[in-house]
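Input: a single structure, listed below in structure tokens.
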Amino acid sequence: MTYWRMLAVAMVLAAPTAGMAADAPALVAQAIAQLESNPKAALRNSEKALGLDQSVKGGQLARAQALEALGRGADAGAAYRLALAASPEDRTAALGLARAERKAGNLQAALTILNRLVGAGEDGDARFERALVFNKLDQPDKALADYTALIAARPSPSALYNRGWILAGRKDDTKALADFEQAHTLDPKDADTLNSIGSMLIRLDRNEEALARYDAVLAADGRNASALFGRADANYNLGRWRAAATAYHARAALPEPLDALVLEAKALSQAGDAKAAMAAYDRAIRVDRQSTDALTGRAALFEANGDTAKAVADYGRAIAAAPKDATFRVQRALALRSDQPAAALADIDAALKLDPKSTYALNTLGLIHNDAEEYDEAIAAFDKALAIDPEYEAVYYNRGNAYASQGRQDRAIRDYNASLRLSPRDPDTLNAKGEAYRQIDDYPRAIEEFDAAISGNPDLALAYWRRAEAHEALGDLQAAKSDRARALVLDPTLADS
């Protein structure tokens, strides 16, 4: 066959006949019907229709919608542009293009389209989409206004849910909870909404109610990661350490287990099961050898077990993983404080170079100086910490101890009072305050403070011992004998003091 004859045959085959062109609208209709159930077939049929007739009504739009359903965002955006070129007033095509622009990160382009649609009175889908864009642009006030307008016109679960999280971001937890509850009423089976209700209830310290919501989710889907996390958090807040650890363990069996493993370890540690907690930290570190949460958590367990060397090693690994974080250097300094004060001071110096306003570092610096009986230097460090954060309760307590060591009991009592203002009825502070009164021979007041300390912690041996001395000074030998006996039961080493 000659070249010209071949070309003529090809042209005949390529030219659509009237009957074939008539099939194009039917293919478009078929594609539209398949968009939700079978977007691949919808794409094939829309492209067939366009192959038969490039100008077939709805062809480009059906193709764009199929591409969007298949997650081919860039191709969908291009197809929506073609659809708009064919039909400039097509609202669906304009909204689709705005959606594609948002997903591609072209937020201003999306906003331009959406403003035009909303201005033309398209207050439904376009306003919802615009609220999403405002949120991405970090303009929550404008997003909130759009969601509020939508809800006023016709409440929908999605608008209520999204507005709820904007309110939650503003710490308006009560209003956020109300939105999530209303969304749940409209769509009772949505797990995300139930989990969100649980989150707000936890933030409002209504942990028992939160548990009921998470249980409802888990009844339908026992592997729902958010519900397992929420259930664990609620139990943790309620002091139910084993129940919390069990839920964290279940969450850790799902993908991305690191956070759950760390929290499981913390719950087990609170439950007093140091061995199981250590095992959970070990698993977390195997998942991520640079997890500073896991490394510092395990280090704290090593410290509690008296294994300072391993604690220091783990803190060192955390420092290597996050060299610009001053906190880990302070934690290592605290571990080194007793046996290696010079190394501890070096860590504090390094921490303060990283963060000169670290009250944590300044407080620890004061403790190190206090250990060395360098009370003026300790007080100076505590002063600096309080100048930065006047509400740092522990610093008042520690500075009070430094003043007491100098014999300045009046200043010590003032600091203990400041500490108690921030942490009322703290047994250790009450015990220290009682001792300050005993040192200035105000035995009745000292006994009052020791009584309050023991009420808060009936196992505080030193409070019994000191109260015994106050009773003895007042001539109440029977009370003194009773207190000493109780103190020695709790801490036999007091006999050597």
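Out of D288, D282, report the one residue that is over 20 Å from A304 (Cβ atoms), of a type in the set (D, E) and at pLDDT 95 or above.
Numbers: D282 fails: over 20 Å from A304 (Cβ atoms).
Only one candidate qualifies: D288.
How about the range 421-468: which of its residues are assigned to a helix (DSSP H, G or I) and among the polar types (S, T, N, Q)? Please lay out each step first, then the result.
Of the range 421-468, the ones assigned to a helix (DSSP H, G or I) are 421-422, 427-439, 443-456, 461-468.
The answer is T429, N431, Q439, S455.
Out of all the residues in the range 108-122, which are surrounded by fewer than 20 Cβ atoms within 10 Å (Cβ to Cβ) and either out of contact with any helix residue (DSSP H, G or I) (no Cβ under 7 Å at 6 or more places or on another chain) or of a type outside the set (D, E) (or both)?
The initial filter retains those residues of the range 108-122 that are surrounded by fewer than 20 Cβ atoms within 10 Å (Cβ to Cβ), namely 108-109, 112, 115-116, 118-122.
Within the range 108-122, Q108, A109, T112, N115, R116, V118, G119, A120, G121 meet the criteria.
Report the residue count in the range 302-311 for those that are charged (D, E, K, R) and assigned to a loop (DSSP other than H, G, I, E, B).
1
Of the residues that sit in the range 288-308 and are polar (S, T, N, Q) and surrounded by 19 or more Cβ atoms within 10 Å (Cβ to Cβ), which one is nearest to S338 (Cα to Cα)?
T296
Could you tell me whether any residue of the range 183-203 is under 25 Å from V287 (Cβ atoms) and without any contact (Cβ under 8 Å) to a residue 24 or more places away in the chain?
The initial filter retains those residues of the range 183-203 that are under 25 Å from V287 (Cβ atoms), namely 195, 199.
Retained after the next criterion (residues that are without any contact (Cβ under 8 Å) to a residue 24 or more places away in the chain): none.
There is no residue in the range 183-203 that is under 25 Å from V287 (Cβ atoms) and without any contact (Cβ under 8 Å) to a residue 24 or more places away in the chain.
When you check L111 against the structure, is it farther than 30 Å from N195 by Cβ and modelled with pLDDT of 95 or more, yes or no?
Values: farther than 30 Å from N195 by Cβ: yes; modelled with pLDDT of 95 or more: yes.
So L111 passes the test.
So which residues in the range 213-261 are among the small types (G, A, S) and surrounded by fewer than 21 Cβ atoms within 10 Å (Cβ to Cβ)? Explain how you work it out, then say what you get.
Of the range 213-261, the ones among the small types (G, A, S) are 216, 219-220, 222, 225-227, 230, 232, 234, 239, 243-245, 247, 250, 252-253, 260.
Within the range 213-261, A216, A219, A220, G222, A225, S226, G239, A243, A250, A253 meet the criteria.
Right, Q478: in contact with a helix residue (DSSP H, G or I) (Cβ under 6 Å, 6 or more places away or on another chain) and surrounded by fewer than 17 Cβ atoms within 10 Å (Cβ to Cβ) or not?
On the way: in contact with a helix residue (DSSP H, G or I) (Cβ under 6 Å, 6 or more places away or on another chain): no; surrounded by fewer than 17 Cβ atoms within 10 Å (Cβ to Cβ): yes.
When the stated conditions are applied, Q478 does not pass them.
Can you pull out the residues in the range 360-378 that are under 18 Å from K433 (Cβ atoms) and out of contact with any Ser or Thr (no Cβ under 9 Å at 6 or more places or on another chain)?
Start the filter on the range 360-378 by keeping residues that are under 18 Å from K433 (Cβ atoms), which leaves 370.
Result: no residue meets the conditions.
Consider P157 against the criteria (1) within 22 Å of Y214 (Cα to Cα); (2) crowded, with 16+ Cβ neighbours inside 10 Å; (3) at pLDDT below 95: it satisfies all of them except one. Which criterion is unmet?
(3)
For A94, are the conditions met, namely being modelled with pLDDT under 95, within 30 Å of N135 (Cβ to Cβ) and surrounded by 22 or more Cβ atoms within 10 Å (Cβ to Cβ)? Reasoning before the result, please.
Values: modelled with pLDDT under 95: yes; within 30 Å of N135 (Cβ to Cβ): yes; surrounded by 22 or more Cβ atoms within 10 Å (Cβ to Cβ): yes.
For A94, the condition - modelled with pLDDT under 95, within 30 Å of N135 (Cβ to Cβ) and surrounded by 22 or more Cβ atoms within 10 Å (Cβ to Cβ) - is met.
Restricting to helices (runs of 4 or more DSSP H) lying wholly in the range 66-154: which have 3 or more residues that are within 31 Å of the chain's Cα centre (by Cα)? Full working, then the answer.
Numbers: elements: 73-86, 91-103, 107-119, 125-136, 140-153.
By residue number, 91-103, 107-119, 125-136, 140-153.
Has the range 130-151 got any residue that is surrounded by fewer than 22 Cβ atoms within 10 Å (Cβ to Cβ), touching a helix residue (DSSP H, G or I) at 6+ places or on another chain (Cβ under 7 Å), among the basic types (K, R) and more than 23 Å from Q60 (Cβ to Cβ)?
yes
The values are calculated or read from the model by the stated rules, or taken from the named source; none is laboratory data. Note that the structure is predicted; figures quoted are calculated from it, not measured. Glycine also receives a Cβ, built like all others from the backbone with ideal geometry; neighbour counts cover every protein chain displayed.
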